Amino acid sequence: MIFQRPAPKNIEENNEPEVNELSRQHVQDEVETVVGPSVTVEGDFASEGNIVVKGTVSGSVFTSKHLTVEMGAKIMANVRAGSATIAGEVKGNMKIKESLELVSTSRVVGDIDVKNLKIESGALLYGKITMPGIESGEKSVKTKLFKKTEDAGVQFAS
Amino acid sequence: MYVYIYDNFLRQKNFLSTIHSMEVVLTDYGIAGKILRLQNYTDSKAVIEDEIKRGAKTIVIVGNDATFGQILSRSATCDCTFGFLPVGPNNTIAEVLGIPVGIEACTVLSRRRKEFLDVGWMNNRYFVSQLRVMPAKLEVIYDERFKVTAADKMEVIVCNLQPFFWKKDKKDTEQRVVHPQDGKLEAFIRPLTKSSWWGYKYEEPSIFPFEEMIITGKEAFAVEADGKLSKEVKVKIKLAHSKVEMIVGRDRKF
């Protein structure tokens, strides 16, 4: 008994958390593209990861992941993203694959094509909204200036 | 056959005991080899190529971040495996490579876990750790697709292996660390703004991962790559994939 080899299970148990920690660290360390407050980007701005815009972008913006436009930021471009949170100004058409959230300080001028939409009270929006799941007879809902909508969120029957 | 290249600062008395202990451990592991000392004007590429002709298979750099950058920036194209034994202060690259500082690095070296590392390329020379463009009025073009400018001067730091530490503001007690080496180079752009009469202040950095970048300026600007300073008007920076074969540790950041 004294000279018994240590059970291999212990070694496996010790190894597993290290693997999980490494993968977690890799996810945390995934670098996102950040456009700082006094930086201007012009051209076809694309990234494979998340994008955070605090400055000015003109041209076009593309990411398959999440786009965040912070308060004070300006995008004068067409936007394509997996999902987005807008707290700044966007002048251009937006095509979002999954969900779009317009925070109270957001100002959007342009058409929106999105699956899920959430608009906070105070958000300003001028453009056409297109969402999947609506019959061809009721394809799109034209919206004009929304000022201080009372309820948060826009829900459509699925 | 192993060849060890020691930096000049290791001659100081406070490092002698560490070096001696490391040499004993390396002998125990059976991986001791020829020792060469780096002088101020030594051409490391010529020295390494000479040793490769004599049969050296592994070149081990002994020193700190500056030693690592100085040797690898010139010798990235040499056909051999590189190892690293970090000794002393100013060792941030070792953590990225998963190599502990001091005697424990010998154990990592003996295990010979090899990885191919990407290397940065700038105007006909390589850089391994970090490239820094001093504050100037610059224009940066990424991947020939989009252009980045700032209102006034900006500083550009391109990281390959050496991580970039930055503080959000004076009250920020946590130093944010971004670890590169993910198949792309990371550029940190820090614009300077004149907030008060006594000078410029750094703003929060912008971060752009990229594979190719061109930096231009109306006037010549200073560029520092792996400790080597030069003045350029136009700088083209690219990523050279899997250029250097390196012995790394299990706790590496990639």
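The values are calculated or read from the model by the stated rules, or taken from the named source; none is laboratory data. Everything numeric here is computed off the predicted structure, so don't read it as measured data. All Cβ positions, glycine included, derive from the backbone under ideal geometry; neighbour counts span all protein chains shown.
You will find that of A:53, A:69, A:35, the residue that is at pLDDT 90 or above, at the interface with chain B (Cβ under 7 Å from one of its Cβ atoms), within 30 Å of residue B:253 (Cα to Cα) and crowded, with 22+ Cβ neighbours inside 10 Å is A:35 and no other. Scanning the range B:115-133 for residues that are in a loop (DSSP other than H, G, I, E, B) and of a type outside the set (S, T, N, Q) yields a single hit, B:128. Restricted to the range B:151-254, the set of strands (runs of 3 or more DSSP E) holding at least 3 residues that are more than 10 Å from chain A (Cβ to nearest Cβ) and at pLDDT 80 or above comprises B:154-159, B:212-225, B:228-247. The number of residues in the range B:25-61 being small (Gly, Ala, Ser), surrounded by 13 or more Cβ atoms within 10 Å (Cβ to Cβ) and over 16 Å from the mean Cα position of the chain (by Cα) comes to 3. The residue that is nearest to residue B:47 (Cα to Cα), counting only those in the range B:62-81 that are crowded, with 23+ Cβ neighbours inside 10 Å and of a type in the set (A, V, I, L, M, F, W, C), is B:71. Within the range B:27-40, residues that are within 14 Å of residue B:10 (Cβ to Cβ) reach partners that are of a type outside the set (Lys, Arg) with beta carbons closer than 6 Å, at six or more positions or on different chains, in the pairs B:35/B:4; B:36/B:5; B:37/B:6; B:38/B:5; B:38/B:7; B:38/B:8.
The condition (being surrounded by fewer than 18 Cβ atoms within 10 Å (Cβ to Cβ), more than 13 Å from every other protein chain (Cβ to nearest Cβ) and over 22 Å from residue A:132 (Cα atoms)) is satisfied by just one residue among A:91, A:97: A:91.
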